[in-house]
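Q: Quick one: this structure, given as structure tokens, is what I'll be asking you about.
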Amino acid sequence: MKDKATKSNGKKPIFKKWWFWVIIVVILAAIFGNMGSNDENKPEQAESHIYDNAQVKDVMNGSRTEKIGEYSIIEISSEEVTDEALTDWYFNYVAKNDFNWCMILYTDKDDNSGVYSISGIVQKDVVFTKDENGDYSLSEADATSHAITYIPTDDNTLKELKIEE
């Protein structure tokens, strides 16, 4: 009689209750659902680029009454302008934007030198002229005579263009 009383008055073991199994299923789903996504869904480390802090400036007409376009300017050290950084800049910034021109102004040089690019060409170590309004333009041809000229290739690299004198 004691056994019958114990069974009828005793509680069911926890593993025989329906809500216990619902909790187990939810926990297992959460564990297995996140297993493969640890690497896939993590935001990628923010890769830095020389164009991350580029400024876009207006190109104005001669009387400065009308905007006729835009140019991009990046101010960084000449040491940061590696072949890899230049290639990344051209293919992922210059070629993908519709600027009249893009430029990099060296912060460690006091001669307004840097890099100039339009679609299809990159010129490194050119000299820019700064006007009274603070806008830059490419200097005359003699200021670019010592420039290194690159052209983009189909395999997303920049090829140095050898100019024979």
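The values are calculated or read from the model by the stated rules, or taken from the named source; none is laboratory data. Owing to the predicted nature of the structure, the values given are computational and were not obtained by experimental measurement. So basically every Cβ, Gly included, is an ideal-geometry build from the backbone, and we count neighbours across all protein chains shown. When the accessible area is computed, the model is the full protein with side chains, heavy atoms only, and any ligands, DNA or RNA have been set aside. Shrake-Rupley method; radii C 1.70, N 1.55, O 1.52, S 1.80 Å.
Q: Would the range 61-123 count as rounded, prolate or oblate if I go by the C-alpha gyration tensor, calling it rounded below 1.5 in a/c and otherwise prolate when a/b exceeds b/c, oblate otherwise?
A: Oblate shape, in that a/c is at least 1.5 and b/c is the bigger or equal ratio.
Q: What does the charge count near Met60 come to, summing +1 for each Lys or Arg and -1 for each Asp or Glu among other residues with Cβ under 10 Å from its Cβ?
A: 0
Q: A further question follows. On a full-extension model of 0.36 nm per residue, what is the gain between Gln55 and Ala95, subtracting their alpha-carbon distance, rounded to one decimal in nm?
A: Result for the pair: 12.8 nm of gain on full extension.
Q: Only sites in a loop by DSSP and with at most 14 other Cβ atoms within 10 Å count here; which trypsin sites (Lys or Arg not before Pro) in the range 98-162 make the cut?
A: Lys109, Lys162
Q: So, one more: If you add up the charges near Thr87, with Lys and Arg at +1 and Asp and Glu at -1, over every other residue whose beta carbon is less than 13 angstrom from its beta carbon, what do you get?
A: Charge balance in the 13 Å sphere: -3.
Q: For Thr107 and Asn133 in the same chain, what is the full-extension length gain: residue separation times 0.36 nm, less their Cα-Cα distance, in nm?
A: Length difference between fully extended and current span is 7.4 nm.
Q: Report, to the nearest whole %, how much of the accessible area of the range 82-165 belongs to carbon and sulfur atoms, 1.4 Å probe, protein only.
A: Roughly 44 percent, rounded to a whole number.
Q: Are there trypsin sites (Lys or Arg not before Pro) in the range 45-95 that DSSP marks as loop and that have at most 12 other Cβ atoms within 10 Å, and which are they?
A: Arg64
Q: Report the extension gain between Ser119 and Glu79 in nm, rounded to one decimal, defined as 0.36 nm multiplied by the number of residues separating them, less their alpha carbon distance.
A: Net length gain for the segment: 12.0 nm.
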